[in-house]
1. Please work out the Cα center distance from the stretch 185-207 to the stretch 106-143, rounded to the nearest Å.
2. Pop out the ³J(HN,Hα) list for the stretch 32-46 in order, Karplus 6.51 cos²θ - 1.76 cosθ + 1.60 with θ = phi - 60°, rounded to Hz; leave Gly and Pro as x.
3. When we measure straight from the Cα of Lys150, which lysines land under 19 angstrom away, once same-chain ones fewer than 8 places off are left out?
4. If you keep only loop residues by DSSP, which trypsin sites (Lys or Arg not before Pro) in the stretch 109-183 have at most 11 other Cβ atoms within 10 Å of their Cβ?
5. Among residues other than Trp42 whose Cβ falls under 14 Å from its Cβ, what is the net charge (Lys/Arg +1, Asp/Glu -1)?
6. Consider just the alpha-carbon atoms of the stretch 103-220 and return their Rg together with their Dmax, both in angstrom.
7. Take the alpha carbon gyration tensor of the stretch 165-229, find the square roots of its eigenvalues, order them as a ≥ b ≥ c, and report rounded if a/c is under 1.5; if not, report prolate when a/b exceeds b/c, else oblate.
Amino acid sequence: MDVIWNEFVTIIASRDPAHLPFVLVGMIATATIIWYLKGRFWAYLYVALIPILNWTFGRPEVPLVNLTDLFGGMFGSTHEIIFNPLTIATGMVFVIRDFVQREMGHRVLVLMALAIGWSFYYAWPVIAIASGLAYAISETVDWLLFTFTKYRLSTRILLSSAFAAPIDTTVFLYGADLAQVMAGTAEPGAMFNLANWIFFILGKMIGAVVVSYMIRQREKRGEVDPASA
């Protein structure tokens, strides 16, 4: 039981076990704000997913894949090419954001701010800043496209992710690269290179393609309104 409790404290209060009461209060306050703003399942998942993914970068507990031998020569990289497999999950962030906007409208921007705020606690500050800038830029593009275009829902999900992913990837990889250099865990260019840029975008788009296809099938069966906001 003590081991389970210690693991729980380590996960929740990642910086210092003494922070646990304050972190729990913050989580309750965050959950209350989301509920008050009419957010439900997708909203909670969205706010949780962003800091979790940011936490994975630079953490020794998360296994990274070294792609240097496979793709270093192809892309002319002179540094190690390190890929985080959980990048595939980041593609779901844009898709989930679209579902959140359907659930609670433009208040999704408040949730983005909450998620980035938690990233400053769970991730390296440089990672959190890079993530904040990346999401602020890419989510604005995503939000504008999803809000003002007249395409059907499944198409908007795919296009908004396609426009946002390259912007988010560029800003975030630069910050992640800088964070690892500052921490002395990698050389410059280990994260921010052409190979990683391409793989990160492909990884992010996998989730968008899958969800867009699923929504398209539901649209054809009349289960989802293609004009949904």
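Taken together, the values in this text are just the output of simple stated rules run on the coordinates, not laboratory data. Just so it is clear, the structure is predicted and the values come from calculations on it, not from any experiment. Every residue, glycine among them, receives a Cβ derived from its backbone with ideal geometry; neighbour counts consider all protein chains shown.
1. 19
2. Each residue of the stretch 32-46 in turn: 5, 4, 4, 5, 5, 7, 6, x, 10, 4, 4, 5, 5, 5, 4 Hz.
3. Lys220
4. Lys150
5. Computed value for this residue: +3.
6. So, for the stretch 103-220, Rg and Dmax equal 15.8, 52 Å respectively.
7. prolate
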